[in-house]
Every structure is written in C-alpha cells, then in structure tokens.
1. When only residues in the stretch 248-270 that are assigned to a loop (DSSP other than H, G, I, E, B) and under 20 Å from the mean Cα position of the chain (by Cα) count, which is farthest from Ala85 (Cα to Cα)?
2. Select from the stretch 147-164 the residues that are closer than 22 Å to Trp231 by Cβ and of a type in the set (A, V, I, L, M) and write down the one among them that is surrounded by the fewest Cβ atoms within 10 Å (Cβ to Cβ).
3. Hey, among Lys144, Lys96, Lys168, Lys106, which residue is touching a helix residue (DSSP H, G or I) at 6+ places or on another chain (Cβ under 6 Å), over 21 Å from Glu260 (Cβ atoms) and either surrounded by fewer than 16 Cβ atoms within 10 Å (Cβ to Cβ) or basic (Lys, Arg) (or both)?
4. Within the stretch 40-63, restricting attention to residues that are of a type in the set (D, E, K, R) and at pLDDT 95 or above, which residue is farthest from the chain's Cα centre (by Cα)?
5. Given the options Asn61, Asn82, name the one that is touching a residue at least 40 places away in the same chain (Cβ under 8 Å) and not aromatic (Phe, Trp, Tyr).
6. Hey, could you check the stretch 141-152 for residues that are closer than 16 Å to Thr86 by Cα and in a helix (DSSP H, G or I) and say which is nearest to the chain's Cα centre (by Cα)?
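The values are calculated or read from the model by the stated rules, or taken from the named source; none is laboratory data. Every value quoted in this text rests on a predicted model; they were computed, and no experiment measured them. Please note: Cβ atoms are built from the backbone with ideal geometry, for glycine as well, and neighbour counts cover all protein chains shown.
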Amino acid sequence: MKYSLFTVSVPEMTLEEAAKKMQEYGYDGVDWRVTDIPTDPEILKEAPSYWKNNYCTVDINKVEEQAEEIKALSDKYGLEINALATYLDCSMDPEKIESCMRAAKKMGCSRIRVNALKYDVARNYTEIFAEAVAGFKKVEELAKKTGIKADFEMHMGTITASASAARKLASYFDPKYIGVIYDTGNVIYEGFEEYKMALEILGPYLDLVHIKNAQWVKKEVDGKEKYVPDWAPFNDGYADFERCFKALKDVGYDGYVTFEDFSSAETSDQKLKTNIELIRGIVDKVWAE
C-alpha cells in the first residue's frame, strides 16, 4: 500500500511546506489540489480554509506552464505525483480538462480527477445521467489522446454517491481510461454499501481510494434539531478502517490511498503525522493476517 495526501487538507501550508512535511512523515506521493486561485481581495484577506483561501493549491490556469516546476518540487521531497485533483466535471470545457491531462503527462502523473455531475432535484435523474455519459465520452477521448486516465469520485450530492451508482456510469467506458475513486468519508454522508461488496461492484474501475472519516451528529438546522453528517477525526468517526482495508486486501487492491482530513481536533501538522501512523498500523496488521 502507498500513501498520498490530497493537499486540500493543509490549507495554511504552501506547496513546499506541505511537501517537506509529507517527506518527514513518510508519505509516498501527493495529490495536488488544482483549481482557480481566488483573486477577490476580501477572500485573500481571510484565514486559510479548505475550499476558499487554500494556499496549497496549483492554479489551474497555469498548471501546464508550471508543470516542470511542480514536478521538480515533488521530486525534491521524494514524492510521486499520484493525481492532479481538479474540481472539473465531465460537462466542463474539454480544453481545460485536456490542459490538466497535458500537465499531468509532463509531471509523470497518470491520472486526474474529473467528477460526475451533481444531482438536481428539479431535474430527472435519467436526464442528468445521459448528460454525464455524453460528457465522459468526450473525456474518454481526451484520455485516449493524452494517455492520462480520468477518475471520478464517489461523492455525496452527485449521481455517483454509491459504488453501485458509480459502476453504472463507469460501465459505459473502458477502465483503462475512466476510473472511480472510492471515498471512505463521503459514503458516510451518502451511499454506503458494505466495503467488500462496494469494492467488488467497482471491479476493474476502482483506481484510487480516498480515506477520511465522518459521523452523524445532532445540530440545529433551520430552527430544528436534526441529525446531519459532519467530518470527524480519523480515530473518532464511523469509518471502519480495519474492515475497509481487509476488503481492499481481499479484492487485491494494493495501490495508493489518499489522505483527506477536514476535522478540527488537531492542527494540519499533527493530522499529517497521526493519521499516517494510525493507517499504517492498521494496514500492517491486516496484511500480516
């Protein structure tokens, strides 16, 4: 098993600061966050945050021209570039998707993330699904052209929240070019199926595993108390990592697992250290059985 970090998780660190810490704590690779860098002065004044003012981000508009620089930085700290994690979806500008694929190729990276479409209650699922199939047909052609695989994530709020839903969409495509990212935290929000069954459903489309944790908590929502999902520390949520890694072993997956942690109990530096120690201990135990 190899370990990577999705840099969305360390918003206050620069790319180099994060790479140095990953090397220090024994990560094998990195999933660079690739998206638009905010230009709004008010956002730039804000404290670093996961999805807004995130310092550990590669500008999607400059990713090709910075590809060699990012590769050199990763190499400096002994990190394989496991993925370029974009926020593009299959309906977006094909040129931007291809640009990220070209950048990945320059970096020696084999995959980028291109997500499926969000579900919209005002529309019919069948209509959205057809749009996603049409979109990924274009993405698949770009993958064939560049040799870079496109993975979509099992993500709450999309039409691929579960393994079953993800396999339904992926089955229209060649697993050489289109893959699925299984996510241990997202499925607690929506789409959980027994670990081993979910992985078996994904079959040849399983290309990457994201690991994070979540739990359901009671909060006040619109003036009423409700149970809602929220992120949790790796050691204090609903994800059963031991059972998950046993399932990964059973299906023969021994590739990258990419860490994400949106909990607030520890600093980014502490999470980088304690999370890999926890997961490495579980993996060592499972693989020794």
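1. Ser264
2. Here the residue is Met156.
3. Checking each option against the conditions leaves just Lys106.
4. Only one residue fits best here, namely Lys62.
5. After applying the criteria, what remains is Asn82.
6. Of everything passing the filter in the stretch 141-152, Ala143 is nearest to the chain's Cα centre (by Cα).
Conditions (1) in contact with a Leu (Cβ under 8 Å, 6 or more places away or on another chain); (2) over 22 Å from Arg113 (Cα atoms); (3) of a type in the set (Phe, Trp, Tyr), marked per residue:
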residue: Phe6; (1), (2), (3): no, no, yes
residue: Met22; (1), (2), (3): yes, no, no
residue: Pro38; (1), (2), (3): yes, no, no
residue: Pro48; (1), (2), (3): no, yes, no
residue: Asn53; (1), (2), (3): yes, no, no
residue: Cys56; (1), (2), (3): yes, no, no
residue: Glu64; (1), (2), (3): no, no, no
residue: Leu73; (1), (2), (3): yes, no, no
residue: Lys76; (1), (2), (3): no, yes, no
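For every residue, the table says whether it meets (1) surrounded by 19 or more Cβ atoms within 10 Å (Cβ to Cβ); (2) of a type in the set (D, E, K, R).
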{"site": "Glu200", "(1), (2)": "no, yes"}
{"site": "Gly203", "(1), (2)": "no, no"}
{"site": "Val209", "(1), (2)": "yes, no"}
{"site": "Gly237", "(1), (2)": "yes, no"}
{"site": "Tyr256", "(1), (2)": "yes, no"}
{"site": "Phe259", "(1), (2)": "yes, no"}
